[in-house]
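S.K.: Have a look at this one.
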Amino acid sequence: TREIAGCRLGVKFRDSVEVPEFKVQHLDENINQAFTDYAPYVANGNTLYYGAWTSDSVTLVDRVERYAVFSRIYSANRTGNSWSKGHPIAGGINPVSAHTGNAAVSADGNTMYYTQCQQDAAGTMFCNIYKSTRQNGEWIAGEKLNANINAEGATTSHPAFGKNEADEDVLYFAADRNNGKGMDIYYAKFNADGSLAKAKPVSPTINTRGDETTPWFDEKTKTLYFSSNGHVNIGGADVFRSKLFRGEWSEVENLGTPVNSSVDDMYFRWN
């Protein structure tokens, strides 16, 4: 029933949208390479952080296939309307034997929350959120957040700064804490000392029995953007939004085309 509704929604977007709300442009080879480039985050207007996986080749380690090249957090700088060639960021944030990505940088540019993942013998990724600070111009090796965020046995990913229903500073993220219910979006309040309180799931208006991932909060409009395959979509994961108004989340809205397509659309962010 949901997929039939998605087909009808796709036809509606195709036939009734005269002026699209957004324009989509593919970035050049300075940013997009032959394999996976994901999770863009623009800090201070002119620095782009993103994840990049530059190879899908594998190597045999103890009779187990492992990726020969790990995902890394890259950065690029903007001059005018163009971006410089991206490079893995210096410092200890990209460890030798783990995947990193999904950077979220604080407003002062000195704190980064990001995802670090390990691959098990079956090839499954298990991820946790880490925190790094900038020292002497470089990002130091991150520290894994405690069980308030990284619940034991769960994959935890996609950190994003934002506000909650009480207009408190929080960190949003996605995690699969409930077996059989996919990834959900959670938030944790920042304490006065900068630590994070125990995480709570966001409203069931947003979370479904499917997967909700890649949250991003626009403080100017008090709107949470996220991707989901559990709400009515036009193919795979679509980008949705829900707005906070008087402490309540509005009905979830599909962003439509051209942001959403017949395949997975994720990591929506405003500059």
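The values are calculated or read from the model by the stated rules, or taken from the named source; none is laboratory data. Here the structure is a predicted model, which is why all the values come from computation and not from measurement. Cβ: placed from backbone, ideal geometry, glycine included. Neighbour counts: every protein chain shown. For the accessible areas, the whole protein counts, side chains as well, though only heavy atoms, and no ligand, DNA or RNA atoms are used. Shrake-Rupley method; radii C 1.70, N 1.55, O 1.52, S 1.80 Å.
S.K.: Please work out how much length the chain gains when fully extended from Thr36 to Glu143, using 0.36 nm per residue of separation minus the C-alpha to C-alpha distance, in nm with one decimal.
M.R.: Working: separation 107, 0.36 × 107 = 38.52 nm, distance 2.54 nm.
In short, 36.0 nm is gained.
S.K.: Mind running the shape call on the chain? Use the C-alpha gyration tensor, a ≥ b ≥ c as the square roots of the eigenvalues: rounded below 1.5 for a/c, prolate if a/b tops b/c, oblate otherwise.
M.R.: Numbers: a/c = 1.32, a/b = 1.23, b/c = 1.07.
Rounded, because the longest to shortest axis ratio a/c is under 1.5.
S.K.: Just to check I understand the Karplus step: with θ = phi - 60° and J = 6.51 cos²θ - 1.76 cosθ + 1.60, what whole-Hz values come out for the range 213-219, glycine and proline as x?
M.R.: Working through the residues one at a time gives 9, 6, x, 8, 10, 8, 5 Hz.
S.K.: Return the sequence-ordered ³J(HN,Hα) values of the range 11-27 in whole Hz as given by the Karplus equation 6.51 cos²θ - 1.76 cosθ + 1.60 applied to θ = phi - 60°, using x for Gly and Pro.
M.R.: 5, 4, 4, 5, 9, 10, 8, 7, 10, x, 5, 10, 10, 9, 10, 7, 6
S.K.: Order the following by accessible area, largest value first: Asp265, Asp56. Probe radius 1.4 Å; ligands, DNA and RNA are ignored.
M.R.: The residues order as Asp56, Asp265, largest area first.
S.K.: Further question: Over the chain, calculate the relative contact order: mean separation of alpha carbon pairs under 8 Å at least 6 apart, over the residue count, as a percent.
M.R.: 13 percent
S.K.: On average, how much accessible surface per residue is there in the chain, in Å², for a 1.4 Å probe, leaving out ligands, DNA and RNA?
M.R.: 54 Å²
S.K.: Additional query: Place a +1 charge on the Cβ of each Lys and Arg in the range 24-123 and a -1 charge on the Cβ of each Asp and Glu, then give the dipole magnitude about the Cα centre in debye, rounded to the nearest 20.
M.R.: I would put it at about 160 debye.
S.K.: Sticking with this structure for a sec: Measure off, as a whole percent, the carbon and sulfur share of the 1.4 Å-probe accessible area of the range 84-176, all protein chains present.
M.R.: Carbon and sulfur: 48 percent of the exposed surface of the range 84-176.
S.K.: Could you sort the peptides 106-116, 22-32, 88-98 by per-residue average Cβ neighbour count (10 Å cutoff), highest mean leading? Numbers along the way, then the final one.
M.R.: Details: 106-116: 17.8, 22-32: 10.9, 88-98: 14.8.
The densest-packed peptide leads the list: 106-116, 88-98, 22-32.
S.K.: Starting from the Cα-Cα distance between Glu165 and Leu60, subtract it from 0.36 nm times their residue separation and give me the gain in nm to one decimal.
M.R.: Stretched out fully, the Glu165 to Leu60 stretch lengthens by 32.9 nm.
S.K.: Please flag any cysteine in the chain that has no other cysteine's Cβ under 4.7 angstrom from its own Cβ.
M.R.: Cys7
S.K.: Related question: Kindly flag which residue pairs out of Lys198/Lys220; Lys23/Lys163; Lys163/Lys243; Lys12/Lys163 have an alpha-carbon separation exceeding 23 Å in this structure.
M.R.: Correct reply: Lys198/Lys220; Lys23/Lys163; Lys12/Lys163.
S.K.: Taking springs between alpha-carbon atoms closer than 10 angstrom, which of Ala199, Ala104, Ala52 fluctuates most in the Gaussian network model of the chain?
M.R.: For the chain, modelled as a Gaussian network with Cα springs under 10 Å, the answer is Ala199.
S.K.: Go through the range 134-178 and name the GluC sites (Glu not before Pro) that are in a DSSP coil and have 13 or fewer other Cβ atoms within 10 Å of their Cβ.
M.R.: When the GluC sites (Glu not before Pro) of the range 134-178 are filtered for loop state and at most 13 Cβ neighbours within 10 Å, Glu152, Glu168 remain.
S.K.: Follow-up question, since we're still on this one. Charges only on Cβ, +1 for Lys and Arg, -1 for Asp and Glu: so what's the dipole of the range 1-63 about the Cα centre, in debye to the nearest 20?
M.R.: Dipole of the range 1-63, to the nearest 20 debye: 320 debye.
S.K.: Sticking with this one: Tabulate in residue order the Karplus-calculated ³J(HN,Hα) for the range 166-173, using 6.51 cos²θ - 1.76 cosθ + 1.60 with θ = phi - 60°, rounded to whole Hz; enter x for Gly and Pro.
M.R.: The phi angles translate into 8, 6, 8, 5, 9, 10, 8, 6 Hz.
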